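The values are calculated or read from the model by the stated rules, or taken from the named source; none is laboratory data. Please read these numbers as outputs of a predicted model, since none were measured by experiment. Virtual Cβ from ideal backbone geometry, glycine too; neighbours counted across all protein chains shown. With ligands, DNA and RNA removed, areas are computed over all heavy atoms of the protein, side chains included. Shrake-Rupley method; radii C 1.70, N 1.55, O 1.52, S 1.80 Å.
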Amino acid sequence: MAPVDPEGTVAQIAAVAAVGGAAEERALALLEPLRRVYRFDAALISLFDAERRVQVPVARRGYEPIHQYLDSSTFVDEIERASLLRAARPMRVKDLPVAPMELPTWAEHLQPAGFREGLGAGLITPDGRCLGLLWFKSGDVTPASDEACALLQRVLPLIAAALDPLRSVRTIAGIVGEADAAAVLTRSGRIEPLPGRAGHPVVHPGSAVADVAAARLERDGACTSFLYPVDAGIRTGELVRVTALSCAAVAPGTFRAVLLVATAPPLHGLTRRELEVLGGLVEGWSNARIAAALFVSPRTVISHVEHVMAKLDAGSRTMAAMRAARQGLYLPVELYRG
C-alpha cells in the first residue's frame, strides 16, 4: 500500500525536525508521521556510540522483549553484517544481503517475538557521518511498498539533521557568545573540531588542555573556566580563557564537553605567579601545599596571597578564590604541579 499524503508527511517531518529542544523529544515526535510511511508494530531510532559499539535509543516502541539484546554490541555487529548502517536506500527483509534466518537477530529474537517484516536504514548526514539507525518491524508479512521506501529515503536527511548530536553541541557552544573558537572534548579525552566554528591552537587535537578541562569539569561540574597559555610556557606569552561546558547528556553520550576559547579577561594587574597561586586557592590548597607545588617558600606564598586579595578587592583568600573561579581568572594547578 502506498503512503497516504506523502507531501503532507514530508512537511510534518520537516516541521518536527526544525523544533528545538532535546533530540529525544524530536525522535519521539517523529514516530507519528513515520507511521504514515510504514505501518510498523515496533520502531527504533538510535544513535551509534562508536567508542562503546552500541546503539543508544532516542525513541523505541514495541521492542520490550528484546531491549537487552538491542543494547548490546552483538546487535551492532548484526546490523553491520546486514549493511543497514551504510545502505544507500531503506532495506526490507527481502533486500538484505544475507538470508534473514542466517542472522541471529532475526532467528533468535525478532521472529520469536512475532515480527515478520521490516524496514530499516542508516541515518547519514550530508557530510557522510553515520549517526545511527532507523529500524521498523511489523507482524504483517507484507513488505513495505516501493513508494514507502522512496518516501522514507526522501525524509532520511531531515531525520538525520534533526537528531545530529552536533546540533545540540552547537547550541551549547552558543551559550558563550564572545568565544573566538570552539572544539569538542570526547568521552575518551580526544579533542575534535566543531564543524562550523573556528579552531584555535589551544584546542587542537592532541592538546594537553583536554586533560586540564576534564579535571576541571570533574571538580566544578557542568561548567568551568580557566586561563591557559597559548604557547608551551606557563609563565610566558599570551593567555586565553578556556570555558568547558558539559554536553555529556547529549545522546549518544560520546561528547564530554564543548571547549570554547576567548580572549583573556582583564587580569587586574595579576602576575603569572599570582595567577598560579590563585589556581591553588581555587583548588582549596593550603599555603604550604601551594609553596611545595611552586617550589617557593610558604612566606612567599603568603605575600602573593596578600597581593592577590588586594588586586581582586577581596577580603579573604576564600573570596579571592570565588571571584577567580567565577571569572576564570587563574592558571589551573594541573599546569604546574609536580
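What to note about this one:
- Scanning segment 66-98 for residues that are at negative phi, over 23 Å from the mean Cα position of the chain (by Cα) and in a loop (DSSP other than H, G, I, E, B) yields a total of 9.
- Those residues of segment 49-65 which are in a loop (DSSP other than H, G, I, E, B) and either of a type outside the set (Gly, Ala, Ser) or at pLDDT 90 or above (or both), in sequence order: 51, 52, 53, 62, 63
- Annotation: of all residues in segment 212-262 being closer than 25 Å to residue 132 by Cβ and of a type in the set (Val, Ile, Thr), the one that is modelled with the highest pLDDT is 258.
- The set of residues in segment 245-276 that are closer than 14 Å to residue 330 by Cβ, buried (at least 20 other Cβ atoms within 10 Å of the Cβ) and within 33 Å of the chain's Cα centre (by Cα) comprises 275, 276.
- Qualifying residue in segment 290-302 (condition: touching a strand residue (DSSP E or B) at 6+ places or on another chain (Cβ under 7 Å) and either charged (D, E, K, R) or surrounded by 17 or more Cβ atoms within 10 Å (Cβ to Cβ) (or both)): no
- Criterion violated by residue 143 - all others in (1) without any contact (Cβ under 8 Å) to a residue 40 or more places away in the chain; (2) over 14 Å from residue 34 (Cα atoms); (3) over 21 Å from the mean Cα position of the chain (by Cα) satisfied: (1)
- Qualifying residue in segment 168-184 (condition: touching an Asp or Glu at 6+ places or on another chain (Cβ under 9 Å), surrounded by fewer than 20 Cβ atoms within 10 Å (Cβ to Cβ) and either under 24 Å from residue 85 (Cα atoms) or without any contact (Cβ under 8 Å) to a residue 24 or more places away in the chain (or both)): no
- In segment 14-51, residue nearest to residue 117 (Cα to Cα) [restricted to those that are open to solvent by 70 Å² or more (accessible area, probe 1.4 Å) and of a type in the set (Lys, Arg)]: 39
- Total residues in segment 115-140, condition in contact (Cβ under 8 Å) with a residue 60 or more places away in the chain, in contact with a strand residue (DSSP E or B) (Cβ under 9 Å, 6 or more places away or on another chain) and in a loop (DSSP other than H, G, I, E, B): 3
- Criterion applied to 118, 122 was being surrounded by 19 or more Cβ atoms within 10 Å (Cβ to Cβ) and touching a Phe, Trp or Tyr at 6+ places or on another chain (Cβ under 8 Å), and the one residue passing it is 118.
- Pairs with Cβ under 7 Å, 6+ apart, first in segment 61-73 and over 21 Å from residue 35 (Cα atoms), second open to solvent by 50 Å² or more (accessible area, probe 1.4 Å): 73/53
- When the residues of segment 169-206 are filtered to those that are basic (Lys, Arg) and assigned to a loop (DSSP other than H, G, I, E, B), the one that is nearest to residue 327 (Cα to Cα) is 197.
- Positions within segment 125-134 being over 17 Å from the mean Cα position of the chain (by Cα) and either open to solvent by 10 Å² or more (accessible area, probe 1.4 Å) or under 12 Å from residue 86 (Cβ atoms) (or both), in sequence order: 126, 127, 128, 133
- Of the numbered criteria (1) open to solvent by 50 Å² or more (accessible area, probe 1.4 Å); (2) of a type outside the set (D, E, K, R); (3) more than 30 Å from residue 55 (Cα to Cα); (4) touching a Ser or Thr at 6+ places or on another chain (Cβ under 6 Å), the one residue 225 fails is (1).
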